[in-house]
């Protein structure tokens, strides 16, 4: 299909009446080159929708992750999310080589082996949440009561937050992601509370080191204490809602496709199929660069659409089918290139344990409302469910 | 089949360890390292998959 002057499309396509991923993505993949589009605030950006092209963008050294560059796409702001001032240590917004110092210091904390060692603690966390849910009655909101607390508790234990403070930590992280139930001011206050708390944690670990991530990172000497607060906040933001939404969406998919309950391959297919971080890997060209035959000028914003890439017919057979047997790990749900999710193996383990324990403990789990009536976070940067009412 | 790895490029995603743990490991810095008797220790398809999945091109699989 050739188009001499492709139309500028409005973006994002998400609205309550549009399923996710938006069917429009398939049309975009069929267009030559990249898709010129306009954000609600009028900014012009290039959409990247094919699997091959998304991987090319995310590994091109002429393309930057740094939001300080002119032309960086402001997708969050266009969705009403206030612009986060560049926090020291927020290294997803840095390019190599500045980025690498942070990444290298953190890698040992998230190796396959290290995550395997965390399994027993994660199992206990999930078990405790299930105990509390079962003790509270015969129904629950699986988002608020299960999906959100699990990654929050896992991260707080990873950071070395003392058990007495986990309730505080969890309540603030919950406010941060409740885009419908909390106001902008409440979310900003929660974010400040968490940053302040994390700053104090870094101070305390500096004085009284323990056997935890914060103490170890301080001991490396490669990250300054004021940067470390930003790093920890980033781990929290990157690892909380994304994991929670994958847990909730995966449970929903299993409830409607029960033949896959108990099959661990569900984890990888949930990551691909739902692609919750569709709008997370934003970029800007810092030099003129050609992508898929399209010249992108320095200073032009680029939006690689992870969900579009993960539903690309040329990379995944029958991409719109939920089929864990495809065992496809070449999806870009965790991004690609040097910024690919650092915590991906932790997420995989959290999802696997959450699904397995949930259906073991509550085999007669069912939806408490019709699936068609569920509210999706079309208004958030990360795709997910606002609520998932279940009963047993 | 031969494999070369470049720990300087490695970003510690761990995809290789998940694909072919008989061949790839992460050292104490979490960076890619070769273990065992070489690529023959795992299925060739697993080794190729590890190379293809590596997000930072730290693994090169030579088909000679």
Residue list for the range A:56-76, filter: farther than 25 Å from residue A:40 by Cα and in contact with a helix residue (DSSP H, G or I) (Cβ under 8 Å, 6 or more places away or on another chain): A:59
Single unsatisfied condition, residue A:290 versus (1) in contact with a strand residue (DSSP E or B) (Cβ under 9 Å, 6 or more places away or on another chain); (2) closer than 19 Å to residue A:34 by Cβ; (3) in contact (Cβ under 8 Å) with a residue 12 or more places away in the chain: (3)
Test: residue in the range A:252-265 that is surrounded by fewer than 23 Cβ atoms within 10 Å (Cβ to Cβ), touching a helix residue (DSSP H, G or I) at 6+ places or on another chain (Cβ under 8 Å) and either free of Cβ contacts under 8 Å to residues at least 40 places away in the same chain or within 30 Å of residue A:70 (Cβ to Cβ) (or both): no
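Determine which member of the set A:231, A:214 is within 21 Å of residue A:154 (Cβ to Cβ) and in contact (Cβ under 8 Å) with a residue 60 or more places away in the chain. Walk me through how you get there before you give the answer.
Numbers: A:214 fails: in contact (Cβ under 8 Å) with a residue 60 or more places away in the chain.
Of A:231, A:214, the one residue that is within 21 Å of residue A:154 (Cβ to Cβ) and in contact (Cβ under 8 Å) with a residue 60 or more places away in the chain is A:231.
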Count of the range B:37-48 residues which are under 12 Å from the mean Cα position of the chain (by Cα) and assigned to a loop (DSSP other than H, G, I, E, B): 2
Pick from the range A:2-11, criterion part of a loop (DSSP other than H, G, I, E, B) and more than 21 Å from the chain's Cα centre (by Cα), ranking: farthest from residue A:74 (Cα to Cα): A:2
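Which of the residues belonging to the range A:137-156 are part of a helix (DSSP H, G or I), free of Cβ contacts under 8 Å to residues at least 40 places away in the same chain and surrounded by fewer than 19 Cβ atoms within 10 Å (Cβ to Cβ)?
Of all residues in the range A:137-156, those part of a helix (DSSP H, G or I) come to A:142-147, A:149-156.
Then keep just the ones that are free of Cβ contacts under 8 Å to residues at least 40 places away in the same chain; that gives A:145, A:149, A:153, A:156.
Selection gives A:145 alone.
Looking at the range B:9-24 only, could you name the residues that are in a loop (DSSP other than H, G, I, E, B), touching a strand residue (DSSP E or B) at 6+ places or on another chain (Cβ under 9 Å) and either more than 21 Å from residue A:329 (Cβ to Cβ) or facing chain A (nearest Cβ under 9 Å) (or both)?
Answer for the range B:9-24, where residues must be in a loop (DSSP other than H, G, I, E, B), touching a strand residue (DSSP E or B) at 6+ places or on another chain (Cβ under 9 Å) and either more than 21 Å from residue A:329 (Cβ to Cβ) or facing chain A (nearest Cβ under 9 Å) (or both): B:9, B:10, B:12, B:14.
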Subset of the range A:44-60 [in contact with a strand residue (DSSP E or B) (Cβ under 9 Å, 6 or more places away or on another chain) and surrounded by fewer than 18 Cβ atoms within 10 Å (Cβ to Cβ)]: A:44
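Pick out the one residue from A:302, A:353 that is part of a strand (DSSP E or B) and touching a residue at least 24 places away in the same chain (Cβ under 8 Å). Talk me through it step by step, then tell me what you get.
On the way: A:353 fails: part of a strand (DSSP E or B).
Result: A:302 is the single residue among A:302, A:353 that is part of a strand (DSSP E or B) and touching a residue at least 24 places away in the same chain (Cβ under 8 Å).
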Count of the range A:337-354 residues which are over 14 Å from the mean Cα position of the chain (by Cα) and away from chain B (no Cβ under 12 Å): 3
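Return the residues of the range A:313-336 that are within 14 Å of chain B (Cβ to nearest Cβ) and within 18 Å of residue A:276 (Cα to Cα); say none if nothing qualifies.
A:328, A:329, A:330, A:331, A:332, A:333, A:334, A:335, A:336
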Only listed residue being surrounded by fewer than 19 Cβ atoms within 10 Å (Cβ to Cβ), within 10 Å of chain A (Cβ to nearest Cβ), over 8 Å from the mean Cα position of the chain (by Cα) and touching a residue at least 12 places away in the same chain (Cβ under 8 Å), chosen from B:27, B:6: B:27
Number of positions in the range A:308-336 that are surrounded by 23 or more Cβ atoms within 10 Å (Cβ to Cβ) and in a helix (DSSP H, G or I): 2
Among (1) part of a helix (DSSP H, G or I); (2) out of contact with any helix residue (DSSP H, G or I) (no Cβ under 7 Å at 6 or more places or on another chain); (3) crowded, with 18+ Cβ neighbours inside 10 Å - the single one residue A:179 does not satisfy: (1)
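Does at least one position in the range A:96-103 carry a residue that is more than 14 Å from chain B (Cβ to nearest Cβ), under 18 Å from the mean Cα position of the chain (by Cα) and either modelled with pLDDT under 95 or surrounded by 17 or more Cβ atoms within 10 Å (Cβ to Cβ) (or both)?
Filtering the range A:96-103 for residues more than 14 Å from chain B (Cβ to nearest Cβ) gives A:98.
Of the ones still in play, those that are also under 18 Å from the mean Cα position of the chain (by Cα) are none.
Taking every residue of the range A:96-103 in turn, none turns out to be more than 14 Å from chain B (Cβ to nearest Cβ), under 18 Å from the mean Cα position of the chain (by Cα) and either modelled with pLDDT under 95 or surrounded by 17 or more Cβ atoms within 10 Å (Cβ to Cβ) (or both).
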Selection from the range B:54-64 of residues that are surrounded by fewer than 21 Cβ atoms within 10 Å (Cβ to Cβ) and either farther than 27 Å from residue A:335 by Cβ or away from every other protein chain (no Cβ under 12 Å) (or both): B:60, B:61, B:62, B:63, B:64
Members of the range B:37-48 that are within 12 Å of chain A (Cβ to nearest Cβ) and closer than 11 Å to residue B:2 by Cα: B:48
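Looking for whichever is within 18 Å of the chain's Cα centre (by Cα), closer than 25 Å to residue A:382 by Cβ and surrounded by 14 or more Cβ atoms within 10 Å (Cβ to Cβ) here; the options are A:237, A:198. Which one fits? Step through it out loud before you land on a result.
On the way: A:198 fails: within 18 Å of the chain's Cα centre (by Cα).
After applying the criteria, what remains is A:237.
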Test set (1) within 8 Å of the chain's Cα centre (by Cα); (2) at the interface with another protein chain (Cβ under 10 Å from one of its Cβ atoms); (3) touching a residue at least 12 places away in the same chain (Cβ under 8 Å) - residue B:51 fails condition number: (2)
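The values are calculated or read from the model by the stated rules, or taken from the named source; none is laboratory data. If you're wondering where the values come from, they're calculated on a predicted model, not measured in any experiment. Cβ sites come from the backbone with ideal geometry, for glycine too, and all protein chains shown count toward neighbours.
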